[in-house]
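This report concerns only the one structure given below.
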Amino acid sequence: FGVYRFKEDNDLVSGVYENKGTPAEVTDLVFTFTDVPSESKAVFGQASYQLTDQLKLNAGARYTEDSISREGSLQLVAFSPAPFPLTIPLPGSAKSTKTTWMAGLDWSVTDRNLLYAKASTGYKAGGFTGAGEYQPESLISYELGSKNRFHDDKVQWNVAAYWMKYTDQQLNQFSDPLTGAQTVNADARIYGMETNLS
């Protein structure tokens, strides 16, 4: 069982400059964000219960709250020393909450051979860019596998098959030179097998 808290307060000034420090200085873009707070809080726990000598049940859960915001602007300056600035406000905020969980069953066939099945969920907080807000990312994953030791623990062989489903997976793309890169949401599936021998 545990609790988690993260809190951060930032400010940011960045830009694209040409001929910096000269009479022909040109300032193309300046991003000024004077207040960028973010916070994440969570409570979580996991437990196991021995059903029989060979079967063990595992379960856990986590509740998370995330928030991020900013106050600031984008300033476009045509030229210097007589600039004609254009200021565009760029505020933003995003909040999300999620409860994730895991459940699994372990079967100790022998003291050196384990079969297991597990289902679990995951979460990544939403947010925003200059192009707009994007949604939280969610994942559910199923896994079947086996862990084995042979020849007096000198050889270990593990194998697993998995299937994952993303909902609103966060992907970055560049679609507009004015807004630059932006984060969009999409659905995805990932499946496969893996094994290792050592």
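The values are calculated or read from the model by the stated rules, or taken from the named source; none is laboratory data. Worth saying up front: this structure is predicted, and the values here are computed from it rather than measured. Methodologically, a virtual Cβ is constructed for each residue, glycine included, from the backbone with ideal geometry; neighbour enumeration extends over all protein chains shown. Heavy atoms of the whole protein, side chains included, go into the accessibility calculation; ligands, DNA and RNA do not. Shrake-Rupley method; radii C 1.70, N 1.55, O 1.52, S 1.80 Å.
Does any residue in region 2-31 that is over 22 Å from G72 (Cα atoms) come within less than 6 Å, Cβ to Cβ, of a residue that is of a type outside the set (A, V, I, L, M, F, W, C) and modelled with pLDDT of 65 or more six or more places away or on a different chain, and which pairs are these?
Listed pairs, sorted by first residue: R5/K41; F6/S40.
Here are A94, A61, A42: which of them is of a type in the set (A, V, I, L, M), touching a Gly at 6+ places or on another chain (Cβ under 7 Å) and modelled with pLDDT of 95 or more?
Result of the check over A94, A61, A42: A61.
Is it the case, given these coordinates, that T97 is open to solvent by 30 Å² or more (accessible area, probe 1.4 Å), within 20 Å of F44 (Cβ to Cβ), in contact with a strand residue (DSSP E or B) (Cβ under 8 Å, 6 or more places away or on another chain) and not charged (D, E, K, R)?
Criteria met by T97.
Hey, among W107, W157, which residue is within 20 Å of G60 (Cβ to Cβ) and open to solvent by 80 Å² or more (accessible area, probe 1.4 Å)?
Result of the check over W107, W157: W107.
Can you tell me which residue in region 33-79 is least open to solvent (accessible area, probe 1.4 Å), limited to those that are without any contact (Cβ under 8 Å) to a residue 40 or more places away in the chain, assigned to a strand (DSSP E or B) and among the aliphatic types (A, V, I, L, M)?
Step by step, filter region 33-79, then rank; the result is A42.
Among the residues of region 115-151, how many are among the β-branched types (V, I, T) and surrounded by fewer than 16 Cβ atoms within 10 Å (Cβ to Cβ)?
Here the count works out to 1.
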